[in-house]
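Shown next, in structure tokens, is the structure this report addresses.
The values are calculated or read from the model by the stated rules, or taken from the named source; none is laboratory data. Values in this document were obtained by computation on a predicted structure and should not be read as measured data. Positions of Cβ are backbone-derived with ideal geometry, glycine not excepted, and every protein chain shown enters the neighbour counts. Accessible surface is based on the protein model in full, side chains and every heavy atom, while ligands, DNA and RNA are left aside. Shrake-Rupley method; radii C 1.70, N 1.55, O 1.52, S 1.80 Å.
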Amino acid sequence: MRTLEPLDEPGRYGLATDLYELTMGAAYFEAGMAPAVGTFELFIRQLPPQRGFLVAAGLEQAVEFLLAVRFDGRSIDYLRTLPVFSHVSAGFWEYLAAFRFRGDVHAIPEGTVVFAGEPLLRVRAPIIEAQLVETFLLATVDHQTLIATKAARVVEAAAGKGVIEFGARRAHGFHAALLGARAAVIGGCIGTSNTLAGQTFDVPVYGTAAHSFTMAFAHETDAFRVFARTFPEHAILLIDTYDTLEGARRAAALGPAVRGVRLDSGDLLTLSRAVREILDAAGLEQTQIVASGDLNEERIAALSAAGAPIDLYGVGTDLATSRDAPALGGVYKLVAVEAGGERRPVRKLGAEKATYPGPKQVYRRRGPEGRFGEDVVALATETLAGEPLLVPVVDGGEVCAALPALPEIRARARAQVEALPPGVRRLERADAYPVHITPALRDLAERLHPER
């Protein structure tokens, strides 16, 4: 029985959803609503703690899913065994057998900084199609946006020093590790330790050795010599298995074959300074110091501020899980229904969960110095000053615009973060970026009521 990667079979993509999406789909079908068209928008309700912005990510995988989603015979046979579907007509199973996404998608490009309440995706499709894809879209965009944002914060803290994503072993499953590595690169990491991510996304991979490698040899020096001899252009030695400073001296004795040393524990500021002195005294001024070990943006910022002679940071758990803010409050809400020749904007009411109706566009305006000054959320039918952020991506179930390569997305994210006001970029107590609602959108919301 193969259970490792069910999502490697496109025919099973249709099951990559929550049950209630399918029960709603069946109820729409039985009500004769299959021809109705729904417009949904995916947005983040609130920024997580200490976040002044988010970096949008995950669009490429979302589009890949929409183009490939199917229900194969095995998936349909499984659904028919569920008691909840015992009264569903045969026509619904025929509908699923022919299921394809034939809708339209507008999206904010990956690497763009975004804020709470702004639609990252707008999906317009026959209502069952648009409904069934909700779970996958939220899981994909929420996760990658979360990790890309965390990476951007860590990179900001590193103040120009390289950051490597080291988190595969601590991610919430290897699929999360794979796509998390991609998102970390979008956020500014120079590479990853994850070799599958390196192959899949064509990004640089980095690695040293574990403490177990040193411990497997009778003497630390023997481990260092073997590693340096095996990888003469790439040897980075882990020197804190026993005594860190003695490890640095033993590494330095091997000469220029040692391209770098890694510190994974202890007082990284004090140790990095002492190790730098040992390396420099041995004529190894070009040998790099890599630091790792439960690092996050706060610790890295403190090391940067203190002038720690660290060249590269490897960040694992805190990056792969966004430990201080491990989830985004992403939602996917219906904003309009088209049926019988009528288009009806809709909204949800309720404490803290009210939504704005109708398809929307986000306009971004810059201040006099070229930095981002404010965003305006408007009805899609409005034309305002500023840059419209949502662009067409899928038209009638087909890609209508080339998706950028990962280096381009990464460069966009860097430029976007640098264009933010300094107060919004702060790691702590960030300023709130102004996001406004147009009078027309506000007026439409006030005219609608939950019951008709």
**Added length on full extension, which subtracts the Cα-Cα distance from 0.36 nm per residue, residue 67 to residue 337** = 94.9 nm
**Prompt:** Accessible area per residue, 1.4 Å probe, Å², for the stretch 14-133: what's the number?
**Reply:** 36
**Complete:** Mean separation of Cα contacts under 8 Å (at least 6 apart) over the residue count of the stretch 1-96, i.e. the relative contact order in percent, is 48
**Complete:** Scalar couplings 3J(HN,Hα) for the stretch 122-136 by Karplus 6.51 cos²θ - 1.76 cosθ + 1.60 (θ = phi - 60°), nearest whole Hz, x for Gly and Pro, are 10, 10, 10, 6, x, 4, 5, 4, 5, 6, 5, 8, 4, 4, 5
**Prompt:** Roughly what % of DSSP beta bridges within the chain run antiparallel, to the nearest 5?
**Reply:** 65
**Per-peptide average of other Cβ atoms within 10 Å, ordering 384-392, 237-245 highest first** = 237-245, 384-392
**Item:** Extension reserve of the residue 213-residue 432 stretch, reckoned as 0.36 nm per residue once the Cα distance is removed
**Value:** 74.1 nm
**Fill in**
At q = 0.22 1/Å the base-10 log of I(q)/I(0) from the Debye formula over the alpha-carbon atoms of the stretch 62-110 is -0.83
**Prompt:** What accessible area per residue, rounded to a whole number of Å², is obtained for the stretch 355-400 using a probe radius of 1.4 Å?
**Reply:** 46
**Message:** Quick query: amide H of residue 361 versus all other amide H atoms, modeled in the peptide plane; which residues come in under 5 Å with a sequence gap of 5 or more or a different chain?
**Reply:** 378, 379, 380
**Message:** Let me check against my output: what whole-number percent is the relative contact order of the stretch 330-421, with C-alpha pairs under 8 Å and at least 6 apart?
**Reply:** 19
**Asked** Ignoring any ligand, DNA or RNA, what whole percent of the accessible area of the stretch 77-117 comes from carbon and sulfur when the probe is 1.4 angstrom?
**Response** 55
**Message:** Given all pairs of different Cα atoms, what value in angstroms does the Kirkwood hydrodynamic radius of the stretch 1-141 take?
**Reply:** 16.2
**Asked** If packing is taken as the mean number of other Cβ atoms within 10 Å per residue, what is the order of 365-372, 429-436, 158-165, highest first?
**Response** 158-165, 429-436, 365-372
**Fill in**
Along principal axes, largest first, the alpha-carbon spread of the stretch 130-272 in whole Å comes out as 63, 28, 23
**Descending semi-axes in whole angstrom, ellipsoid equivalent of the stretch 181-246, from the Cα gyration tensor** = 29, 13, 10
**Request:** Return the distance in nm (one decimal) between the two label points of a simple spin-label model at residue 243 and residue 84, each offset 7 Å from Cα along Cα→Cβ.
**Result:** 6.4
**Message:** I'd like the FRET efficiency for residue 135 and residue 369, computed as 1/(1 + (r/R0)^6) with the beta carbon distance as r and R0 of 56 Å, rounded to 0.05.
**Reply:** 0.85
**Message:** Quick query: amide H of residue 314 versus all other amide H atoms, modeled in the peptide plane; which residues come in under 5 Å with a sequence gap of 5 or more or a different chain?
**Reply:** 164, 291, 292
**Item:** Backbone HN-Hα couplings from phi across the stretch 20-26 [Karplus 6.51/-1.76/1.60, Hz, Gly and Pro as x]
**Value:** 5, 5, 6, 5, 4, x, 5
**Item:** Mean separation of Cα contacts under 8 Å (6+ apart) over length of the chain, as relative contact order %
**Value:** 21
**Fill in**
In the stretch 142-211 the accessible area split gives carbon plus sulfur, as whole percent at 1.4 Å, a share of 55
**Request:** Please list 207-215, 106-114 highest first by mean number of surrounding beta-carbon atoms within 10 Å per residue.
**Result:** 106-114, 207-215
**Request:** Quick one: Debye curve from the alpha-carbon atoms of the chain only, equal weights, vacuum; give me log10 I(q)/I(0) at q = 0.14 Å⁻¹ to two decimals.
**Result:** -1.25
**Asked** So what's the back-of-envelope 222 nm ellipticity for the chain, counting only DSSP H runs of four-plus at -39500 (n - 2.57) apiece and dividing by all residues, rounded to 500?
**Response** -11000 deg cm²/dmol
**Fill in**
Calc'd 3J(HN,Hα), the stretch 234-243, phi into Karplus 6.51 cos²θ - 1.76 cosθ + 1.60 (θ = phi - 60°), Hz, glycine/Pro = x, comes to 9, 5, 10, 9, 7, 10, 10, 5, 10, 9
**Prompt:** Given the pairs 150/360; 161/360; 161/333, which are separated by over 29 angstrom at their Cα positions?
**Reply:** 161/360; 161/333
**Request:** Could you tell me which of rounded, prolate or oblate describes the stretch 350-444, using a ≥ b ≥ c as the square roots of the eigenvalues of the alpha-carbon gyration tensor, with rounded for a/c under 1.5 and, failing that, prolate when a/b is larger than b/c and oblate otherwise?
**Result:** oblate
**Prompt:** Rounded, prolate or oblate: which one fits the stretch 277-393, using the alpha carbon gyration tensor with axes a ≥ b ≥ c (rounded when a/c is under 1.5, else prolate when a/b beats b/c, else oblate)?
**Reply:** prolate
**Fill in**
Answer in debye to the nearest 20: the dipole magnitude of the chain about its Cα centre, from +1 Lys/Arg and -1 Asp/Glu charges placed on Cβ, is 420
**Item:** Sequence-distant residues sharing a close amide H with residue 191 (under 5 Å, placed H)
**Value:** 165
**Request:** Return one whole number: the accessible area per residue of the stretch 239-339 in Å², for a 1.4 Å probe.
**Result:** 39
**Fill in**
Of the accessible area of the stretch 265-340, computed with a 1.4 Å probe and all protein chains kept, carbon and sulfur make up a percent value of 51
